[in-house]
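Written out below as structure tokens is the structure these notes cover.
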Amino acid sequence: MSAHAEQSVENARRFSRVNINLPVAIRQKDSQVFLSESLDISEGGILVRNNENASLETGETVKVHIDGILGEEQSKMVLHEMKVIRIEETIIALEFI
């Protein structure tokens, strides 16, 4: 198992996850944006639906807006810097950095 896979498994155990469906926008460094929705979220990261066959790379850093997160001002878009941990046909695992 790779160090990243071990870290992901460790994070899955360390943080409790909440199943929640919220609109998510993921912006890559080249400013390409794709829209998705969360499947679950924890203090360590978020699992989103890969509904656009995203051209993301494992290890890539992206900016993510999660619509509806408590405590965020609705008048401004808050972007969270995140790292792509895993990409599968139907899901993308992102980790807060």
* Asked: Any idea which of S36, S55 is surrounded by 15 or more Cβ atoms within 10 Å (Cβ to Cβ) and of a type in the set (S, T, Y)?
  -> S36
* Structure fact -> Counted residues in segment 65-85 being at pLDDT below 95 and open to solvent by less than 80 Å² (accessible area, probe 1.4 Å) come to 9
* To do: Hey, can you tell me all the residues within segment 27-54 that are in a strand (DSSP E or B) and either among the polar types (S, T, N, Q) or closer than 15 Å to I69 by Cα (or both)?
  => S36, E37, S38, L39, D40, I41, G45, I46, L47, V48
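The values are calculated or read from the model by the stated rules, or taken from the named source; none is laboratory data. Here the structure is a predicted model, which means the values were calculated and not measured. A quick note on method: Cβ atoms are made from the backbone with ideal geometry, for glycine too, and the neighbour counts reach across all protein chains shown. The area values use the complete protein model at the heavy-atom level, side chains included, leaving out ligands, DNA and RNA. Shrake-Rupley method; radii C 1.70, N 1.55, O 1.52, S 1.80 Å.
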